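Below: one structure, written as structure tokens.
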Amino acid sequence: MRSTPRLDLPGGRCETESILAENMADTQKQIVTVGVTGASGAILAQKALVLLEEDARVARVHLVVTEAGQRLFAEELGLSAGDLKQLPSRILGHPAAKIEILPNKDVGASIASGSYVVDSMIVIPCSMGTLGAIANGISDDLVARAADVMLKEGRELVLCVRDTPFNRVHLENMLRAQQAGAVIMPVVPAFYHHPKTIDDLVTQYVCRVLAQIDLPQEKMYRWAGTPASKKAEA
């Protein structure tokens, strides 16, 4: 009787097993993708990244910045162009522990596949061009492809659209994206919490965004009714 040949395979785990083990270790924590485009509002992206970095419920943040987004950081925050890998640390002002930056041209990155689990994604700020690509399924860069994956997998996607006034194309693209499952959250500041600084406005808006992906923040002001209504209830 002939014996079956035995294959001497390497003992190390395959990449899929490594990723699975890593993800299982973080089952109680979120993996979040943050896309940044060239629409005005770099300070919004910065605040979102700061809060996500500090949030103990977040295990990992995948950051994707378009070329226009990199220019935005330079023009609005004074973060000059340099080594892309150092951008998260420059945005935070200190070394980043959770944030991994991915090149926008790398459509073969992990977040471009639905088999890689990402709990939620926000595009902040989201340009009309990126909105149009997402709404019409044009996955020609990593931001648009990652967003497309979120929609097809039924995962949380928040688009912080930033432009004004809206023309009909913008409005129809917002409706199309919303019907596909995205949350359309225009960058509109709130004033009922009596903001005194730009940071107050930015923080409240970004906290509202993070609440949409099940990461409510203690810093968010929550309306509890007017004194008159409270008195009436009593």
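Taking the criterion of being open to solvent by less than 40 Å² (accessible area, probe 1.4 Å) and not small (Gly, Ala, Ser), the residues of the stretch 67-103 that qualify are Leu72, Phe73, Leu79, Leu87, Pro88, Ile91, Leu92, Ile99, Ile101, Leu102.
If only residues of the stretch 111-132 that are aliphatic (A, V, I, L, M) and open to solvent by less than 20 Å² (accessible area, probe 1.4 Å) are counted, the one that is nearest to Phe166 (Cα to Cα) is Leu131.
Which one is farthest from Val58 (Cα to Cα) among residues in the stretch 81-102 that are of a type in the set (D, E, K, R) and without any contact (Cβ under 8 Å) to a residue 24 or more places away in the chain? Out of the qualifying residues, it is Asp83. Counting only helices (runs of 4 or more DSSP H) that fall entirely inside the stretch 162-234 and contain at least 1 residues that are farther than 20 Å from Val50 by Cα and either modelled with pLDDT under 95 or open to solvent by 60 Å² or more (accessible area, probe 1.4 Å) (or both), the qualifying elements are 168-180, 227-233. Is one or more of the residues making up the stretch 179-197 in contact with a Pro (Cβ under 9 Å, 6 or more places away or on another chain) and polar (S, T, N, Q)? No; the residues of the stretch 179-197 include none that is in contact with a Pro (Cβ under 9 Å, 6 or more places away or on another chain) and polar (S, T, N, Q). Against the conditions (1) surrounded by fewer than 15 Cβ atoms within 10 Å (Cβ to Cβ); (2) assigned to a strand (DSSP E or B), Gly108 satisfies every one except (2). The set of residues in the stretch 41-84 that are closer than 17 Å to Asp141 by Cβ, outside any helix (DSSP H, G or I) and not hydrophobic (A, V, I, L, M, F, W, C) comprises His62, Thr66.
The values are calculated or read from the model by the stated rules, or taken from the named source; none is laboratory data. Keep in mind the model is a prediction, meaning the values are calculated, not measured. Glycine also receives a Cβ, built like all others from the backbone with ideal geometry; neighbour counts cover every protein chain displayed. We work out accessible area using only protein heavy atoms, side chains counted, and drop any ligands, DNA or RNA first. Shrake-Rupley method; radii C 1.70, N 1.55, O 1.52, S 1.80 Å.
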